[in-house]
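Bear in mind these aren't lab numbers, they're just calculated from the coordinates by the rules spelled out. This one's a predicted model, so the numbers in the text were calculated from it and none came from an experiment. Every residue, glycine among them, receives a Cβ derived from its backbone with ideal geometry; neighbour counts consider all protein chains shown.
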Amino acid sequence: MRNVSIDELDDTPRVVVAIGTDYAHGHLLARHTHRRAQLLYGATGVMQVSTHDGSWVVPPQRAVWIPAGVAHEVLMLGVSTRSLYIEPEAVDLGRQCQVIDVSPLMRHLLMEAVEAPLNYDEAGRDAVLMDLLLHELARSTHLPLHIPLPVEPRLLGLCQAFVQQPNAHQSPRQWADQLHISLRTFNRLFRQQTGLSFSQWRQQACVVLALARLATGTPVTRIALDCGYESPAAFSTMFRRILGQAPSVWLAATNS
């Protein structure tokens, strides 16, 4: 199925409903929920997914898992999607969104799935295809492309400001002083609220934010300087530490 809302198809008597949708650049899907879980794959472009738990950047040819009932909004940047809407009991990848790597096999299966009839033969080839997709999804690799956000209001404000204007030179001492708490208390609070140390969070946020800009053609030098790094080399070293690849290698693999 193509360019149809899941709201019209949610009661389809099949475990998986596959829909392909084309979006204009900059289209924002306002916050909403689905009864079914969703695997949202971007064949092209970049998606930015936000929930109350944080933000995820989904580069081209990756996908995001959105659990059933989780309120989310999605910013589409030149995206053509392939979505699987899955009955909640069919696959359990946890109660939080996750960006996942998409194997070549899964990519081809997703392309085929949206061409299948809505009420596909449950004893036929299309049912086998959907079942194989669920198996591939269950064994998929998760990618660290999440910026977790705290609940504590004052700390949340600082994190949101950083996401709007990242700065690799900001220190935990500066944030602690703004919150009028000791450095030790700040470090404990930050880890409790985000699951990461301040340094880990700062680096992960810079990488996640950089991915969206890399995928839309922004030069590495410009991104590095905008994030406060002294040089592209320093930024690339940090990027490689988080994702295991230099930005140029990651970008080449994404575009292959």
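Can you give me the pair-distance distribution of segment 147-255, C-alpha pairs, 10 Å bins, whole percents?
Final binned percentages: 14, 46, 28, 11, 1.
If only Cα atoms are counted, what is the Rg of the chain, and what is its Dmax, in Å?
When restricted to Cα atoms, the chain yields Rg and Dmax of 19.5, 64 Å.
About its Cα centre, how strong a charge dipole does the chain have in debye, to the nearest 20, once Lys and Arg get +1 and Asp and Glu get -1 at the Cβ?
1280 debye
How would you rank 12-22, 91-101, highest first, on the average number of other Cβ atoms within 10 Å across their residues?
12-22, 91-101
What number, in nm² with one decimal, is the all-direction average of the projected area of the convex hull of the alpha-carbon atoms of segment 57-148?
6.5 nm²
Quick one: among A168, A90, A123, which has the greatest mean-square fluctuation in a GNM of the chain with alpha-carbon springs under 10 angstrom?
The residue with the greatest mean-square fluctuation here is A123.
Run the helix sum for the chain: -39,500 (n - 2.57) per DSSP H stretch of 4+ residues, divided by residue count, reported at 222 nm to the nearest 500 deg cm²/dmol.
Roughly -12000 deg cm²/dmol at 222 nm, from the helical runs in the chain.
With all pairs of different alpha carbon atoms counted, what Kirkwood hydrodynamic radius in Å does segment 34-82 show?
It works out to 10.8 Å.
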